[in-house]
Structures are given as C-alpha cells and as structure tokens.
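Structure first, commentary second.
The values are calculated or read from the model by the stated rules, or taken from the named source; none is laboratory data. Computed from a prediction, not measured in an experiment: that's the story for all the values here. Neighbour counts are summed over all protein chains in view; Cβ atoms, including those assigned to glycine, are modelled from backbone coordinates with ideal geometry. Heavy atoms of the whole protein, side chains included, go into the accessibility calculation; ligands, DNA and RNA do not. Shrake-Rupley method; radii C 1.70, N 1.55, O 1.52, S 1.80 Å.
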Amino acid sequence: MLNARDILETITMIQQEHLDVRTITMGISLLDCCHSDPGRMCDRVYDKITRCAKDLVATGEQIEKEFGIPIIHKRISVTPAAMILAACEDRDAVRLANTLERAARACGVNFLGGFSALVQKGFGPGDKELIAAIPEALSETEHVCASVNIGSTKAGINMDAVALMGRVVRESAERTADRGCIGPAKLVVFCNAPEDNPFMAGAFHGAGEPDCVINVGVSGPGVVRAALAKLPEGDLTAVADLVKKTAFKITRMGQLVASEASRRLGVPFGIVDLSLAPTPAVGDSVAHILEEMGLERCGCHGTTAALALLNDAVKKGGVMASSHVGGLSGAFIPVTEDAGMIDAARAGTLSVTKLEAMTAVCSVGLDMINIPGDTPAEVISAIIADEAAIGMVNSKTTAVRVIPAIGKQVGDELNFGGLLGGGPVMPLRTESPAKFIARGGRIPAPMQSLKN
Amino acid sequence: MRAVITVIGKDMVGILAKVSTECARHNINVIEVTQSVLQDLFAMIMMVDISDSDVPFTAFAETITAIGAEMGLSIHAMHEDIFNAMHTI
C-alpha cells in the first residue's frame, strides 16, 4: 500500500527537483528502404518513418499527462544513413538528410538521429559520401543529427577517419557561423558507439536492432543532488548507497514509461538508458552533485574520483529497476548543458584536460565544449584520437562533440539557447599534433580486444 | 483504474469540499483520504477510483490542476502506477 511520505516524495521529485523522463526515442530500421534510384529511396524513407512514428509524439504526451511525469523529448533514431546510401547509383547524401528533416517535421519530433557512418575499420560504400556531406547537411537541416564511429575496442582506431572528422567538425562550424556555430553541436564522433542509444546527438538504430523499437532515456541529476543534500555527513559508502537508491526510483519510472509507450504504440521495448543527463536549468546539474559530495568546485582535484563513484552507483541502482538496460547508461558531462560545469569552466577550475580524465570513468566523452574558433582541424582530430584511445582501451563508449566558436577566442561566450545551453570558449593546448595526425592508417586493436 | 490526487499549499476552508465535489461531478469515487501538515504546508492525498469517470482522465487532471491554481494550491492527479513503480519492488 502506498503511504503519504512516498507519494509526496515522488511529487517533490517531479515538481521541485526536475525529475523527468528525458526522451522516448523510437528506433526505426531503414534497411528495407534501399533503392538504386535515390528519389525512390527518399520516398521510401519518408514513408516508413512517418508511418512508424506517426503516433509517437501524441502517445508520449498522453503518457505524460496520465502519469504526471514530464517527458521532455520524443525523438527518432534511424539506421546509419551511409548503409542505405550505399545502394544508390547517385549517392546524394544531402538529399537524404533533407528527406530525414521533412520526416522529422512531419512526426513532430525535436531531433532525428542516424545521419551516421560506422567506419572504425575502414570506409565502406556510402561512408565517404555521407561524411563529406555532413557539414552541408547539418547546415541545411534543423532536426537531423549526425554521428560517425571512428574506433572500437575490437577494430582499433581508423586514423584516416579521425583526420577527416577534424576537418568535418571545423567545416560544420564554419558553415553555421552565422547561427552560433550550431552545426557541430549536432555531430558526435564516437568510439564504441552503442547501437541502442536514445540520447542525441549520437543516437542511431544499429544494424542488429529489430525493425522498430522503443528506447527510453531517464534523467534526474536534480533528484540525486537533493537526496545528497539531506546527507551532509556520512562517509562515501553512505553516499554511494543513497545514489543507488535514488537511481533505482528514477529508473523504475523510466521503465514504467517505456513499457507503457511500447504497449500503446505496439512496438517492442528495447532498453532503458540509465543516465544522469543535465540541463542548463538551475538544480539539474551533474557538476552540482559532485560539489554536493564535498568538492569546492567541479574540476578540482577529486572530481574524477567523485564522478567514478556517481557513475557506478547510478548503474548499480538502475540495473535492478529495469528489465533491459542499454545505451550509454552513466553520468553525462556536457559542459554547455550543465549550469555547474559552465560556472566551473568560467572560473577556470574545469579544464579540457580534466574533462578528458573524467571521461575515462563516466558514460560519454568530451561533450558540448566550446573551443577557440581558430583551432586547426588537426588539433580537433587529435582530441578525437585521445578520446577514442580512452574508449578503445577501456572497452567503453567515448565521444567528442566540440564546437569551434568561429570568430571567438578563449574567454568569449557562445550560446545556443534551449537545452544545448551555452558557455565560455575553453583553452586548448596549442602545440601541433599535425604530423601525428597526417600519418593516417589504423591504430591496431588493443590486447583487450582478444577476449575469445 | 485508480489515481492519486495530491493537494499541497496553504491550509484554508473548503479544500476537501471543492476537490471531492469535482470528483463527484465526474462520477469519480473517493476511496481514501489522508491529510497532514508538513511544516506549515497543508498536504492532502486522495486515492480515487476513476474506472467509471465520465471524462478522460487527462481532462480531469487538467481541470483539477486549474481549480488548484485558482485557490493558490498545487493540485495534481496522477495515475497510481507511477507511485507503485517507484516505491514498491
């Protein structure tokens, strides 16, 4: 039987501590849309997406009202576009991106992910055309998100792709310089990309996934922080236990929403992604959780340890609460989307090198970091290579989403608005890795790949 | 199907009457009511049966929230499953 304290706890979590389901993401396979004629292919893509996802937004809103739990995003992920582009005689990737944009608008979702290529071991048909089209596609569309997987524990790191992606990130920023360099905010470069990730900008629908599937991403940094605020004393074992219990509750709610959405839409349930995803709203910050544990400011010494504890406890609490766990599952540390991270970056406590260390113990990588506008492409490539190396060796997902702030210098601010937030341009090392990047080739898969 | 109505705000005359009248108007049966005062805030929790309600639950939830807003109270009607999911294993 429910008791009053439990009911009020739930209400407080939702009303005051920003508890929400961050996203319901419908994964849709486009493999049956392949056609040698690009026009026919685009028609099939549009028809399939709008058919599968026609009720997605309405159903999400219905669940939101009935259960009283905010569901912030309804989104779509599709098969990596390079895979279906491969079948075309004329591989016009920008036309495909515009088709995805039209489909996203028709369904009313706020992002569609999957303008993607998986090139960790080399370029297949369609991959180079798609990657070359990313800057133009991100500039012409509003809702389409791109991602490229350039490395994995099994395959090593494709350094030719790394070199290419440095230039693509830069060009994406240059093409959208008049719109706050929004292009690269919709582009993620992955190592060990998950195939069932519901979070943008890196969501795509992997080749091993079913035809159509519902994945849900939960959130709730504010709830974890509020719980910790009630534990001013107590050792770190007690902190970890409290985070686990809170994560369990958050995830149970995500599981409920996921199974309801799956039932009502008649689409199989895939996974719940157990992530702490911050927003720029006050009280919804991962950095503030770390500070609540006892750090003066996020980024100071001790931050990596605190984050490791948090990330692990979130997973341990969440895993029992859900029947299937997947995606990224862990704490996110996007700088411009997190009020505490923004403050720490402005104060100079949080540096890109510290963030790099933090990515070794949490679920993602260098995320939403504004870098100087004159950063050369090879430096961006080297940042990607460093992150990919951390992911490859540790058998985990890492990613890079940096935004070259064209025309801006360290200390200037670049704002995107909305959930993407905004923040200061952060300094990078300026010595050149150009020769290393220009070597190209592949970094061989590490010993960790030989598990069989 | 059961739902939970929570009322949080400053205590005043007629809160229970107003909320239960709205329930009765839509053939919603009140099963259980608990009241408590948290610090100086009034908190009332009603368990209701909405199986025979004559309006869709989402519409009722919007109406009851609006009534709360008029009285300066935070009123929410939510499906009971959200609480069961979160607090029971």
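Across chain B, Cα-Cα pairs more than 19 Å apart make up 36 percent of the total.
Inside 10 Å of the C-beta atoms of A:12-18, what's the mean count of C-beta atoms belonging to other chains?
Values: counts 1, 1, 3, 4, 0, 0, 0.
Mean partner-chain Cβ count within 10 Å for A:12-18: 1.
Remark on A:D273: its backbone amide H falls under 5 Å from those of A:V216, A:G217, A:V218, A:G326, a criterion applied only to residues 5 or more positions apart or on other chains, H modelled at 1.01 Å from N. Take the range A:218-439 with all the other protein chains still there, run a 1.4 Å probe, and you get 37 Å² of accessible area per residue. Compute the FRET efficiency between A:Q448 and B:M71 as 1/(1 + (r/R0)^6), taking r as their Cβ-Cβ distance and R0 = 45 Å, and round to the nearest 0.05. For A:Q448 and B:M71, the calculated efficiency is 0.15. For chain A, DSSP calls about 35 percent of its internal beta bridges antiparallel.
Take the alpha carbon gyration tensor of the range A:351-452, find the square roots of its eigenvalues, order them as a ≥ b ≥ c, and report rounded if a/c is under 1.5; if not, report prolate when a/b exceeds b/c, else oblate. Here the range A:351-452 falls in the oblate category.
Using a cutoff of 8 angstrom between alpha carbon atoms and counting only pairs six or more residues apart, the relative contact order for chain A works out to 18 percent. Out of all DSSP beta bridges with both ends in the range A:26-191, state the antiparallel percent to the nearest 5. The antiparallel fraction comes to roughly 10 percent.
Can you work out the FRET efficiency for the pair A:H301 and A:D47, with r the C-beta to C-beta distance and R0 = 56 Å, to the nearest 0.05? The pair A:H301/A:D47 has a calculated efficiency of 0.50.
Taking 60 Å as R0, compute the FRET efficiency from the Cβ-Cβ separation of B:D52 and A:K435 and round it to 0.05.
Values: r = 76 Å, r/R0 = 1.27.
Using R0 = 60 Å, I get an efficiency of 0.20.
Is the shape of chain A best called rounded, prolate or oblate, per the rule: a/c under 1.5 gives rounded, else a/b larger than b/c gives prolate, else oblate, with a ≥ b ≥ c the square roots of the Cα gyration tensor eigenvalues? Taking the square roots of the gyration eigenvalues as a ≥ b ≥ c, chain A is oblate. Take each residue in A:63-74, count the other chain C-beta atoms within 10 Å of its C-beta, and the mean is 4. Would the range A:156-310 count as rounded, prolate or oblate if I go by the C-alpha gyration tensor, calling it rounded below 1.5 in a/c and otherwise prolate when a/b exceeds b/c, oblate otherwise? Since a/c reaches 1.5 but b/c is at least a/b, the shape of the range A:156-310 is classed as oblate.
Just counting partner chain Cβ atoms within 10 Å, what average do the residues of peptide B:75-81 show around their Cβ?
Numbers: counts 0, 5, 3, 9, 8, 3, 6.
The per-residue average across the peptide is 5.
A:K230: which lysines have alpha carbons under 25 Å from its alpha carbon, excluding same-chain residues fewer than 8 sequence positions away? Reachable lysines: A:K244, A:K245, A:K249, A:K315, A:K316, B:K10. Taken over the range A:26-191, lysine pairs spaced eight or more positions apart, or on distinct chains, with alpha carbons under 21 Å apart number 7. Using a simple spin-label model with pseudo-atoms 7 Å out from Cα toward Cβ, B:V33 and B:K10 lie 2.2 nm apart. Fully extending the segment from A:M320 to A:E140 would add 60.5 nm, taking 0.36 nm per residue of separation and subtracting the current Cα-Cα distance.
Its convex hull of Cα atoms gives the range A:26-191 a direction-averaged projected area, equal to a quarter of the hull surface, of 10.3 nm². Antiparallel beta bridges, as assigned by DSSP with both residues in the range A:218-439, represent about 20 percent of the total such bridges. For the protein assembly as shown, the 222 nm mean residue ellipticity estimated from helices alone, with every DSSP H stretch of n ≥ 4 adding -39500 (n - 2.57) and the total spread over all residues, rounds to -13000 deg cm²/dmol. Model label sites at A:D241 and A:D32, defined 7 Å from Cα along the beta-carbon direction, differ in position by 5.2 nm.
What's the whole-number percent of alpha carbon pairs in the range A:67-152 lying beyond 16 angstrom? Mind dumping the intermediate values first?
Values: 1874 of 3655 pairs.
Tail of P(r) above 16 Å: 51 percent of Cα pairs.
Using all pairs of distinct alpha-carbon atoms, the Kirkwood hydrodynamic radius of the range A:218-439 works out to 18.1 angstrom.
Determine the total buried accessible area between chain B and chain A, counting protein heavy atoms only with a 1.4 Å probe; round to the nearest 100 Å².
On the way: alone 5550 and 17390 Å², together 20570 Å².
Separately minus together, B and A give about 2400 Å² buried.
At most 16 other C-beta atoms within 10 Å and a DSSP loop state: those are the exposed GluC sites (Glu not before Pro) I care about. Give me the longest piece of chain A that has none. List each step's numbers first, then the result.
Working: sites that count: A:E89, A:E142, A:E233, A:E296, A:E431.
Maximal segment without exposed cleavage sites: A:297-430.
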